[in-house]
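Structure record follows, encoded as C-alpha cells.
Please treat every number below as a calculation from the coordinates, not as lab data. What you are looking at is a predicted structure, and each value in this text was computed from that prediction instead of being measured. Because the Cβ atoms are built from the backbone with ideal geometry, glycine has one as well, and the counts that use them run over all protein chains shown.
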Amino acid sequence: MKKHWMLVLMLVTLVLTSCGAKSAEYMTDAAWEEGAARAPSMVAQESAVEYDEMNAAIGDITPMIIYNGSLDLVVLDSAKAQEDVQKLVEEFKGYVMTSESYRYEQGSVKITMELRVPAAQFNELMSRLRKMALEVNRDSVSSENVTQEYVDLESRLRALEAKAARLEELMEDAEDTEAVLAVYRELSATQQEIEHVKGRMQYLERSASMATITVTLTPDALSQPVEVAGWRPQGTAKRAVEAMLSALQFLGDAFIWILLFAVPVLAVIGGVIYLVIKLLSRLFGRRKRSRQPAAPVTPAESK
C-alpha cells in the first residue's frame, strides 16, 4: 500500500511523469481509481495548511523597512569632520563602507563617506550628523518596505523545501536507475532554487537591519576656491597666459625669419635690380648722346 501511496503522490505533484507512468503498470485498476479519487482531497488539505501558515506569518512578522539617507554638510574643516563622523559611527555600532575625497588646487578637501548603521539608530544618527555642520545643503531620507517580498520568499521557501523532501522520499523508493536519475535532476534544480531564495532573504534581512547614510563633507565657503558652476578662473588665466606665450613665440619666430632669411634675400634681390637699372641707364645715356646733331658754326667762330 505504501508503494501505491508514493505513486499517487508522483501523479499529483507532476514531478516525475515518466517514472509514474512506468510504475503505474504494477498497480491494479482498483488501486489506481482509489488513489486518483483521494488525490484532490490531499492536495486541497496541503494547500489549506500552507495558506493558513502564510497568513499567520504575515500577521506575526515584523515590518522590514530599508532606510537610506543622504546629507551634504558644510563644515569648517573637512578632515577634522571626517574623524568626528568616524567616531560617531563607531559609537552607534556601525562602520564606514567607502570614503573618497576630492582635493582643490588650494588644498581644501571635499570628502564623501558611505556609512552603515543599525536601522534602529538611523534617525538619531542623522540628527547628530546635522548638528555637526555649519550648514546643511542637502538632506534626504528614503525608505523601502520589503515585508511583502520577504513573506512571499518565506512561502516559496517552505514550498520548495516540502518539494525537496518528497523528492528525497521518491528517490529512496525508486526501483530503477532511470527513475533515480530523473528524481535526482529534479531534486538538484529544487535545491538550487532553495539556495537562491535563501540568498535573497538574507540580503533583505541585512539591508533592513543596517541603514545606509551617504555624507558629503564640504569645506566652508570662505575657505573654498573660487569655483562656481564648473567655472575655474585659475584655468582661464592659465589658458590666457598660454595663448599670450604662443603669440609671443609666433612673433619671435617671425622676427627671426625676417632677420635671417627675408632681409638677406631682399638685399640680394635689391642689389641685382639696382645694378640692372644702373647698367640700363648708362647704356641708354650713351645712345642718346650719340644721336644728337652737331651744333652749327657761326661766322664769328669761323673768323
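Quick notes on this structure:
- The range 65-230: C-alpha pair distances exceeding 20 Å, %: 63 percent
- Highest mean first, the peptides 240-250, 114-124 sorted by other C-beta atoms within 10 Å per residue fall in the order 114-124, 240-250.
- Extension gain for Glu178-Arg138 works out to 7.9 nm (0.36 nm per residue, less the C-alpha to C-alpha distance).
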